[in-house]
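Structure first, commentary second.
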Amino acid sequence: MSDDHIVTSFDEDMSRLEALFLEMGEMVAEQLKAATRALRKEDRVLAKQVVKGDRQLNKMEAELNDLAIKILALRQPFAGDLRKVVITLKSAGHLERIGDLTRNMAQRTNTITKAEADTGPIDTLIRMSEIVQDMIGSIMRAYRTGDTELATLVRALDQSVDTSHNALFREMLTYMMEDLRNISGCMHVMFMAKNIERMGDNVADIAKELIYMNTGDWPEGKRVKSDKTSKMILDPDNVET
Amino acid sequence: MTEEKTAQTDASTPIMTASGVDVFYGKKQAIKNVSLDIPENQITALIGPSGCGKSTFLRCFNRMNDTIDSCRVTGDIQFAGQDIYSSKVDVVALRSRIGMVFQKANPFPKSIFDNVAYGPRIHGLAETKDHLEDIVITSLRRAGLYDEVSDRLNEPGTSLSGGQQQRLCIARAIAVDPQIILMDEPCSALDPIATAIIENLMDSMKEKYTIVIVTHSMQQAARVSQQTAFFHLGELVESGATESIFTNPAQERTQNYISGRIG
């Protein structure tokens, strides 16, 4: 497609929309990184900053929504432009959701740090977060450069988040069975893990939407999901420690 | 088709088929090797920048180009199993089967009734005065105009508003019971409300008629048509289901044109 629209202000609106989306992506990645650091360092001040930071993300999403609706109403875009506006609008919703899940993670960090609750090992949780941070970074790069191949790769990456989630679920159950006093902290870690698993799903959804935005076709076939925690039961008499 | 890639199409029986159509004005070639099926009981929109040949192509369908001395049409256009450019074809009869509505409403300087009755009279379609009245009223109803003019059928057609005059012209085209109605930018002189009324009318008309419309408004093409054909520099660049053309066109030239970029 030619780069320049006949109406210059249309290009300006589209550039602003793209910039807002990229800015949101950058902020979401930073928030998740900070929330993970707060958890690792038991840093309540940083956790509170993450909670506060989510408001800014919500504001950015509201601004992006307004701009996308304005473009649809006033410019009535077609074809590639139409796909870009609609998908950016939709994907921004996913980013905002990742922001909410990150905020919740920071709130839980604050709670368990304040209570000095024992959470058991959190290495797997940190690893899950790092994978999702990479996924966010890659998907924003795929958006900026229109890289469908990278989006396809990111979509598949979500499987490793699911696999880690399964492992962590098992670890936490074991840890809780060992000592009832661990339950509070472990429950919070499990909810944080679920949050991160959902973040991975949201990034995978963005990836699917970007493939449509770039090609005009939705990717064929269902994404392979490996989250098996909903079917997991541990027998207390037969736990490997 | 000049290029291989096309947007997705909805399968439908064509009522009219153009194959390898070329149109020349003197030495200048205005249409280059265009092939297009017109599906029955659907609305087909022809879009493209000014001078792309879309109106010229539309006028091929009822041999309106015959009236231009320097114009020469080659290729094959089949309608009802017959090449409409065959020497055996009665052009007047052809135009009663394939009616036309123009950009500017052009009612005859006659009464509303006589405007609509004109075609049936010259084609001898009405056996009695009552029959003629039936045809006129039915045509005005189908054009969505009867309720607005029922008490003033003897007033001049030119006394109506622009939108009403255009619907009068549609009623006049319908009155000779055509199968296809060609519309050359029928709403370009109308306000948005009159345009919406005509678009709504077209939507209901497609149950009985096949419509081919030339429009400069891509929004209008997107709103009213089921099939869209994009012309550029006398070539048919791409045709297909309207939904596909406006969300995911196959050709870069189509993409550039419909998204307002210089093609």
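In order along region B:233-242, the Karplus-derived 3J(HN,Hα) couplings, from 6.51 cos²θ - 1.76 cosθ + 1.60 at θ = phi - 60°, round to 6, x, 9, 8, 6, 6, 9, x, 4, 3 Hz, and Gly and Pro are given as x. The solvent-accessible area of A:L39, taken with every protein chain present and a 1.4 Å probe, is close to 10 Å².
Give the range of the longest stretch in chain A that excludes all GluC sites (Glu not before Pro) found in loop regions by DSSP and having at most 15 other beta-carbon atoms within 10 Å. Excluding the exposed sites themselves, the longest stretch runs over A:117-219.
For chain B, the share of DSSP beta bridges that are antiparallel, to the nearest 5, is 60%.
Ranking A:A73, A:T109, A:A35 by Cα position along the charge dipole of region A:3-238, where only Lys, Arg, Asp and Glu carry charges on their C-beta atoms, puts A:T109 farthest toward the positive end. Applying 1/(1 + (r/R0)^6) with R0 = 51 Å to the Cβ-Cβ distance of A:L74 and A:A156 gives a FRET efficiency near 0.85.
Buried accessible surface for the A/B pair, both sides summed and rounded to the nearest 100, is 1400 Å² with a 1.4 Å probe.
Across the protein chains, with a 1.4 Å probe defining accessible surface, the residues A:H188, A:H165 rank A:H188, A:H165 from largest area downward. For peptide A:69-80, the mean count of partner chain Cβ atoms within 10 Å of a residue's Cβ comes to 4. In chain B, taking the dipole from charged Cβ atoms about the Cα centre, the farthest positive-side position among B:N154, B:G51, B:M202 is held by B:G51. Simple spin-label estimate for A:S230 and B:F108 gives 7.2 nm between the two label positions (7 Å along the Cα-to-Cβ direction from each Cα).
The shape of region A:30-153 comes out oblate: with a ≥ b ≥ c from the C-alpha gyration tensor, a/c is at least 1.5 while a/b does not beat b/c. Using only the alpha-carbon atoms, how far is helix B:162-174 inclined from the longest principal axis of chain B? Give it as 0 to 90 degrees, nearest 10. Compared with the principal axis, the helix lies near 90 degrees.
Using Cα pairs closer than 8 Å and at least 6 residues apart in sequence, work out the relative contact order for chain B, in percent. About 30 percent, as a whole number. Legend: residues B:K54, B:K129, sorted from most to least accessible area (1.4 Å probe; ligands, DNA and RNA excluded), read B:K129, B:K54.
The amide H of A:H5, built 1.01 Å from its N in the peptide plane, has A:D11 as neighbours under 5 Å, considering only residues 5 or more places off or on other chains.
Of all beta bridges that DSSP places with both ends in the protein assembly as shown, some 60 percent have antiparallel geometry.
Computed from the C-beta positions of A:R144 and B:D83, the FRET efficiency with R₀ = 45 Å rounds to 0.25. Which of B:P120, B:P109, B:P49 moves the most in a Gaussian network model of chain B with Cα springs under 10 Å? Of B:P120, B:P109, B:P49, the most mobile in the Gaussian network model is B:P109. Straight-distance candidates among the lysines for linking to B:K27, with alpha-carbon spacing under 17 Å and chain neighbours fewer than 8 residues away dropped, are absent. Taking amide H atoms as placed 1.01 Å from N in the peptide plane, the amide H of B:I213 lies under 5 Å from those of B:T44, B:A45, B:L46, B:M183, each 5 or more residues away in sequence or on another chain.
Ranked by the mean number of other Cβ atoms within 10 Å per residue, highest first, peptides A:80-87, B:170-177, B:152-159 order as B:170-177, A:80-87, B:152-159. Taking the Cα centroid of region A:103-126 and of region B:186-220, what is the distance between the two, rounded to the nearest whole Å? Going from one Cα centre to the other spans 63 Å.
Counting only alpha carbon atoms, the long axis of helix B:192-205 and the longest principal axis of chain B meet at about 90°. Between the C-alpha center of region B:121-175 and that of region B:35-91 there is a gap of 27 Å. Simple point charges give the picture: +1 on the Cβ of Lys and Arg, -1 on the Cβ of Asp and Glu, and for region A:3-238 a dipole about the Cα centre of about 540 debye. A simple rule links phi to the HN-Hα coupling: the Karplus curve 6.51 cos²θ - 1.76 cosθ + 1.60 with θ = phi - 60°, which for region B:87-92 gives 5, 7, 6, 7, 5, 5 Hz, with x for Gly and Pro. Across region B:104-177, Cα pairs under 8 Å and at least six residues apart give a relative contact order of 51 percent.
Relative contact order of chain A: 24 percent, from C-alpha pairs under 8 Å at least 6 residues apart in sequence.
Excluding same-chain neighbours fewer than eight residues apart, the lysines reachable from A:K90 by a Cα-Cα span under 27 Å are A:K33, A:K52, A:K59, A:K70, A:K194, A:K208, A:K222, A:K225. Taking Cα atoms, how many degrees apart are the long axis of helix B:129-142 and the longest axis of chain B, rounded to 10 and kept between 0 and 90? Approximately 40 degrees, to the nearest ten.
Only protein heavy atoms count here; on that basis, with a 1.4 Å probe, B:R142 has an accessible area of about 100 Å². Across the protein chains, with a 1.4 Å probe defining accessible surface, the residues B:R72, B:R95 rank B:R72, B:R95 from largest area downward. Could you work out, residue by residue across B:242-253, how many beta carbons of other chains sit within 10 Å of that residue's beta carbon, and then give the average as an integer? What the average comes to for B:242-253 is 3. Amide H contacts for B:C71 (H built 1.01 Å from N in the peptide plane; partners 5 or more residues away or on another chain; cut-off under 5 Å): B:G26. B:D90 contributes an accessible area of around 90 Å² to the protein surface, as traced by a 1.4 Å probe with all chains present. For the pair A:D179 and A:R127, a Förster radius of 30 Å applied to the C-beta separation gives a FRET efficiency near 0.80, rounded to the nearest 0.05. Would you mind telling me which residue in A:R55, A:R198, A:R155 has the biggest mean-square fluctuation in a Gaussian network model of chain A, where springs connect alpha carbons within a distance under 10 angstrom? Residue with maximal mean-square fluctuation among A:R55, A:R198, A:R155: A:R55.
The values are calculated or read from the model by the stated rules, or taken from the named source; none is laboratory data. Model, not experiment: these values are computed from the prediction. Quick reminder, even Gly has a Cβ in these numbers, built from the backbone with ideal geometry, and neighbours come from all protein chains shown. Accessible surface areas use protein heavy atoms only, side chains included; no ligands, DNA or RNA. Shrake-Rupley method; radii C 1.70, N 1.55, O 1.52, S 1.80 Å.
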